[in-house]
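The values are calculated or read from the model by the stated rules, or taken from the named source; none is laboratory data. Since we're looking at a predicted model, the values are computed, not measured. FYI the Cβ positions are ideal-geometry reconstructions off the backbone, even for glycines, and counts take in every protein chain you see. All accessible areas refer to the heavy atoms of the entire protein, side chains included, with ligands and DNA or RNA removed. Shrake-Rupley method; radii C 1.70, N 1.55, O 1.52, S 1.80 Å.
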Amino acid sequence: MAAIAARLITKLVDVQDKHGEATIVLTGGTVGIGTLKAVADSPAAPAVDWSKVNFWWGDERFVGSADGDRNTRQAYDALLKHIPVDPERIHEPGSSDDFETPEEAADDYARRLREAAVAEHAADMSDDRPEEPGVLPRFDVVLLGVGPDAHVASLFPEQAGIREKERTVVGVRNSPKPPPLRISLTLPAINTAAEVWMVVAGEDKAGAVGLALAGATPVQVPAAGPRGTSRTLWLIDENAASRVPQQLVRKDAAGA
């Protein structure tokens with residue numbers, strides 16, 4: 001995880017050098033939260049201007065805002081409370097304290113993403129600025145874990161969320177992994193990111209990783225779907241890579 005953290009710090013510094021700010025989409029899970037803790041513990045962390053980093057989440061559990069299951073709470077404990085962040089740049093998905101249903105929370109999150117895209121468009125003075133704002137801000141890095149069933153974010157095999165083509169955020173019901181109610185970015189939203197980083201560890205993920213890299217369809221194997229517009233990185237340990245052809249494994253990614 002220290003290797004992923006070092007790579008992430010370097011990436012954020014490079015993006016800030018180019019754009020003045022950076023935007024990252026966080027993930028939960030053991031590796032995702034462990035990576036954030038490794039960032040907080042890194043002596044290189046002060047190289048990033050954390051006051052100019054925008055934080056979003058790829059998915060969230062639809063529970064109370066103080067619930068320890070929330071990815072946002074875990075991210076605060078691991079990283080955000082340890083760095084000089086701008087609270088205005090931390091964009092938490094809504095909780096069950098705020099909304100009656102995950103669909104309402106998803107609609108609110110999509111609205112806030114759209115508003116951020118409009119604000120970003122208005123501030124962009126470059127010659128190649130598009131004529132109209134999009135529905136999503138620029139995502140520089142999206143971090144994603146992979147479940148043993150090959151789910152990413154809260155997009156599970158064969159469920160409606162992984163089939164969604166139009167919306168940027170969906171409410172999720174009947175998640176096979178508790179809690180059952182969640183919200184999630186959709187695959188089309190994830191795939192607007194410049195870079196998607198798949199961070200995976202553990203032998204129980206090896207089958208999912210192998211299927212994803214073998215070209216399975218995303219509806220059956222959601223981990224096969226994410227693709228960054230610039231690049232997609234699989235940062236995995238040796239156990240998770242055990243079913244991947246050896247020629248596809250970057251040696252500097254092992255030990256993540």
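Yes/no per residue for (1) modelled with pLDDT of 95 or more; (2) open to solvent by 40 Å² or more (accessible area, probe 1.4 Å); (3) of a type in the set (S, T, Y):
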position	(1), (2), (3)
N71	yes, no, no
D86	yes, yes, no
I90	yes, no, no
S96	yes, yes, yes
F99	yes, yes, no
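Within the range 134-154, is there a residue that is in contact with a His (Cβ under 7 Å, 6 or more places away or on another chain) and under 27 Å from P180 (Cα atoms)? No, there is no match, as no residue in the range 134-154 is in contact with a His (Cβ under 7 Å, 6 or more places away or on another chain) and under 27 Å from P180 (Cα atoms). Restricting the search to the range 92-143, which residues are closer than 14 Å to G171 by Cα and not in a helix (DSSP H, G or I)? Across the range 92-143, the qualifying residues are P93, G94, S95, S96, F99, E100, T101.
Count of the range 144-165 residues, restricted to those that are closer than 28 Å to H19 by Cα and part of a loop (DSSP other than H, G, I, E, B), is 2. Screening the range 157-174 for residues that are more than 15 Å from P226 (Cβ to Cβ) and among the polar types (S, T, N, Q) and picking the one that is surrounded by the fewest Cβ atoms within 10 Å (Cβ to Cβ) gives N174.
Residue by residue, here is whether (1) over 22 Å from A117 (Cβ atoms); (2) open to solvent by 30 Å² or more (accessible area, probe 1.4 Å) holds:
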site: A22; (1), (2): no, no
site: G29; (1), (2): yes, yes
site: K37; (1), (2): yes, yes
site: F62; (1), (2): yes, no
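Can you pull out the residues in the range 39-53 that are open to solvent by 20 Å² or more (accessible area, probe 1.4 Å) and not in a helix (DSSP H, G or I)? If you could, list the steps in order and put the result at the bottom.
Start the filter on the range 39-53 by keeping residues that are open to solvent by 20 Å² or more (accessible area, probe 1.4 Å), which leaves 40-44, 46-47, 49, 51-52.
Correct list: S42, P43, A44, D49.
Only a single item in (1) more than 20 Å from T23 (Cα to Cα); (2) open to solvent by less than 50 Å² (accessible area, probe 1.4 Å); (3) outside any loop (DSSP other than H, G, I, E, B) is not met by D204, and it is number (2). Note on the range 175-186: residues that are open to solvent by less than 50 Å² (accessible area, probe 1.4 Å), out of contact with any Leu (no Cβ under 9 Å at 6 or more places or on another chain) and within 19 Å of V219 (Cβ to Cβ) amount to 1. Taking the listed residues E132, E88, E92, the one that is out of contact with any Gly (no Cβ under 8 Å at 6 or more places or on another chain), farther than 19 Å from N54 by Cα and without any contact (Cβ under 8 Å) to a residue 40 or more places away in the chain is E132, with no other qualifying. In the range 222-239, what residues are in a loop (DSSP other than H, G, I, E, B) and either without any contact (Cβ under 8 Å) to a residue 24 or more places away in the chain or in contact with a Pro (Cβ under 7 Å, 6 or more places away or on another chain) (or both)? Passing the criteria: G225, E238.
When D149, D140 are checked against the criterion of being open to solvent by less than 50 Å² (accessible area, probe 1.4 Å), of a type in the set (D, E), modelled with pLDDT of 95 or more and within 24 Å of L233 (Cα to Cα), a single residue qualifies: D140. A count restricted to the range 187-200 and to residues that are crowded, with 24+ Cβ neighbours inside 10 Å and either assigned to a loop (DSSP other than H, G, I, E, B) or among the acidic types (D, E) (or both) stands at 1.
Without any contact (Cβ under 8 Å) to a residue 12 or more places away in the chain and in contact with a strand residue (DSSP E or B) (Cβ under 9 Å, 6 or more places away or on another chain): is that true of P137 in this structure? Spell out how you get there, then give the answer.
Working: without any contact (Cβ under 8 Å) to a residue 12 or more places away in the chain: no; in contact with a strand residue (DSSP E or B) (Cβ under 9 Å, 6 or more places away or on another chain): yes.
Considered against the rule, which asks whether it is without any contact (Cβ under 8 Å) to a residue 12 or more places away in the chain and in contact with a strand residue (DSSP E or B) (Cβ under 9 Å, 6 or more places away or on another chain), P137 comes out as no.
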